[in-house]
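> Quick one: the structure is below, and I'll ask about it shortly.
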Amino acid sequence: MAFLIVLYVILILTIVFLPVYLKRKKYGSLKNDKVRELENEIISRELHERIIEKIQLKFDKSFIEEQGYLDPDITIVSVAKRLDTNRTYLSEIINTKYGMSFRDLVNKLRIEYAKKMLLDDPKATIVSVSGRCGFLGSNQFVRKFRELEGSTPAVWRAGKLQGDLKIC
């Protein structure tokens, strides 16, 4: 008889507590799934940031320091291939770090380089400067220069050289 009572108590406890146990196990599993999902998201974000940082360092070295922007045939796809990445990552880096598109950055860097050349060699022609800066033609160079500096390269150079003479 005692055996039947123990068996009956076990049966009652099973009927009462089994649904509670299963419910806790289900929600515990959901909680673990959410935790795993968040962990994966954090890992993905960290991996993404490391990839971006690595590409950015390679970009700064090969494109900025080594003046890769002077290549007249440069495209975002060719630079991305050289950096072993894709144009999406590269575009994201340029937009984030420099606040402009790839093409705008190329033009800005080329014009900065041209300004230095115009002052270092006052006898250099606009055509020769435009070619050495990576522009395919002097018209494109003059248009971009005027767009960024507010005057043509010749006028800009004359103003800078006159300003230098006044200082001396």
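The values are calculated or read from the model by the stated rules, or taken from the named source; none is laboratory data. Remember, predicted model here, so these are calculated numbers, not experimental data. Neighbour counts are summed over all protein chains in view; Cβ atoms, including those assigned to glycine, are modelled from backbone coordinates with ideal geometry.
> Against the condition modelled with pLDDT of 95 or more and either in a helix (DSSP H, G or I) or of a type outside the set (A, V, I, L, M) (or both), how does Val106 come out, does it pass? Reasoning before the result, please.
Working: modelled with pLDDT of 95 or more: yes; either in a helix (DSSP H, G or I) or of a type outside the set (A, V, I, L, M) (or both): yes.
Considered against the rule, which asks whether it is modelled with pLDDT of 95 or more and either in a helix (DSSP H, G or I) or of a type outside the set (A, V, I, L, M) (or both), Val106 comes out as yes.
> Before we move on, is Thr85 of a type in the set (Val, Ile, Thr), at pLDDT below 95 and buried (at least 17 other Cβ atoms within 10 Å of the Cβ)?
Here the answer is yes, as Thr85 does meet what is asked.
> Now for a separate question. Could you tell me whether any residue of region 65-88 is touching a helix residue (DSSP H, G or I) at 6+ places or on another chain (Cβ under 8 Å), β-branched (Val, Ile, Thr), under 21 Å from Glu112 (Cβ atoms) and in contact (Cβ under 8 Å) with a residue 60 or more places away in the chain?
Within region 65-88, one or more residues are touching a helix residue (DSSP H, G or I) at 6+ places or on another chain (Cβ under 8 Å), β-branched (Val, Ile, Thr), under 21 Å from Glu112 (Cβ atoms) and in contact (Cβ under 8 Å) with a residue 60 or more places away in the chain.
Residue-by-condition table, conditions (1) under 11 Å from the mean Cα position of the chain (by Cα); (2) assigned by TED's automatic domain parsing to the domain that holds Gly131; (3) assigned to a helix (DSSP H, G or I):
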{"residue": "Ile55", "(1), (2), (3)": "yes, no, yes"}
{"residue": "Lys58", "(1), (2), (3)": "no, no, yes"}
{"residue": "Lys61", "(1), (2), (3)": "no, no, yes"}
{"residue": "Tyr69", "(1), (2), (3)": "no, no, yes"}
{"residue": "Ile74", "(1), (2), (3)": "no, no, no"}
{"residue": "Val79", "(1), (2), (3)": "no, no, yes"}
{"residue": "Ser91", "(1), (2), (3)": "yes, no, yes"}
{"residue": "Ile94", "(1), (2), (3)": "yes, no, yes"}
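> Please identify the pairs in which a residue from region 91-108 that is farther than 14 Å from Glu53 by Cα has its Cβ atom under 6 Å from the Cβ atom of a residue that is part of a helix (DSSP H, G or I) and of a type in the set (Ser, Thr, Tyr), counting only partners at least 6 apart or on another chain.
Leu105/Tyr98; Val106/Tyr69
> Search region 126-168 for residues being over 27 Å from Asp71 (Cβ atoms) and among the aliphatic types (A, V, I, L, M), and hand back the single one that is modelled with the lowest pLDDT.
Ile167
> For the subset of region 109-135 comprising residues that are more than 28 Å from the chain's Cα centre (by Cα) and not in a helix (DSSP H, G or I), which member is surrounded by the most Cβ atoms within 10 Å (Cβ to Cβ)?
Ala124
> Can you tell which of Glu46, Glu66 is closer than 25 Å to Gln140 by Cβ and either of a type in the set (Gly, Ala, Ser) or surrounded by fewer than 17 Cβ atoms within 10 Å (Cβ to Cβ) (or both)?
Result: Glu66 is the single residue among Glu46, Glu66 that is closer than 25 Å to Gln140 by Cβ and either of a type in the set (Gly, Ala, Ser) or surrounded by fewer than 17 Cβ atoms within 10 Å (Cβ to Cβ) (or both).
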